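Q: Next up is a structure, given as structure tokens.
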Amino acid sequence: MIRISSIVMCLVLYGQAFSQTMTVVAVKDQSSASYKLVHPLHEIDATSKDVEYTAVIDPAKKEIDTVSATVDVMTFDSGNSNRDSHAMEVVDALTYPDVSFIGTKFVPAGDSLAVTGKLTFHGVTNDITAWVTPTWNANSLSVSGWFDISMTAFKIDRPSLLMIPVKDTLHFTLKAQFGWK
């Protein structure tokens, strides 16, 4: 009886040794989130370098189990403070300061992954799919990706310029750099 339980314990420990998940946090100064807003007369790009990315990964298997991201909307910078102030009014930044995403389903798509999860923006939570490309190294993981959302699906009134509203699609790009020892 002792021998069987010892063998089972060895098998469990052996399996865990080769299947170790860990939680990693992205390096802020090497990570970002950006959005692009399109109007027929021009495009607006804004970036935040203050994104909190966290992932549960299995480096041995090169798998991502879950991922989360949170960013304060007031940290996006388009290079024009008047435009950024207006954007904060449009998304009710004082009432809804954060955008957050939790991804829990990862489906391989060539060298990329389709990551499905829940995005909360402007007080509304919707299912979205982000497309990410992970690059695994010995002690690091780089992830780049993108997703699009409909502003009206998140109950955001589209801003206008010269009485022409911006396009409803808001395009996001993501970069996250994770490292571990």
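Q: Using only Cα atoms, find the angle between the long axis of helix 2-17 and the longest principal axis of the chain, and express it within 0 to 90 degrees, rounded to the nearest 10.
A: Relative to the chain, helix 2-17 is tipped by roughly 30 degrees.
Q: Please tell me the relative contact order of the range 113-173 in percent, rounded to the nearest whole number, where contacts are Cα pairs under 8 Å and at least six residues apart. Please list the in-between numbers first.
A: On the way: 94 pairs, mean separation 16.1, N = 61.
Reported relative contact order: 26 percent.
Q: Which order do the peptides 60-73, 125-138 take when ranked by the mean count of other beta-carbon atoms within 10 Å per residue, highest first?
A: Descending mean neighbour count gives 60-73, 125-138.
Q: Tell me, how many Å apart are the Cα centres for the range 104-181 and for the range 77-98?
A: Using only Cα atoms to place each centre, the spacing works out to 19 Å.
Q: Give the total of Lys-Lys pairs in the chain with Cα-Cα distances below 13 Å; include a pair only if its members are 8 or more places apart or on different chains. Working shown, then result.
A: On the way: Lys28/Lys49; Lys28/Lys175; Lys36/Lys167; Lys49/Lys175; Lys105/Lys118.
Final tally of qualifying lysine pairs is 5.
Q: In addition: Here are labelled values, (i) 22.9, 75; (ii) 20.2, 82; (iii) 19.3, 59, and one is the computed Rg and Dmax of the Cα atoms in Å for what I pasted. Which one?
A: Correct label, based on the coordinates given: (ii).
Q: What are the ³J(HN,Hα) couplings of the range 126-133, residue after residue, when phi is run through the Karplus curve with 6.51, -1.76, 1.60 and θ = phi - 60°? Round to Hz, x for glycine and proline.
A: 10, 6, 9, 10, 9, 10, 10, 10
Q: Something else: Which of Met74, Met151 has the fewest other C-beta atoms within 10 Å, and how do the rest follow up to the most?
A: Fewest-to-most ranking of Met74, Met151: Met74, Met151.
Q: Taking only C-alpha pairs under 8 Å that are 6+ residues apart, what is the relative contact order of the chain in percent?
A: Numbers: 380 pairs, mean separation 39.0, N = 181.
Rounded, it is 22 percent for the chain.
Where a number appears in this text, it was derived from the coordinates with a stated rule and is not lab data. Everything numeric here is computed off the predicted structure, so don't read it as measured data. Positions of Cβ are backbone-derived with ideal geometry, glycine not excepted, and every protein chain shown enters the neighbour counts.
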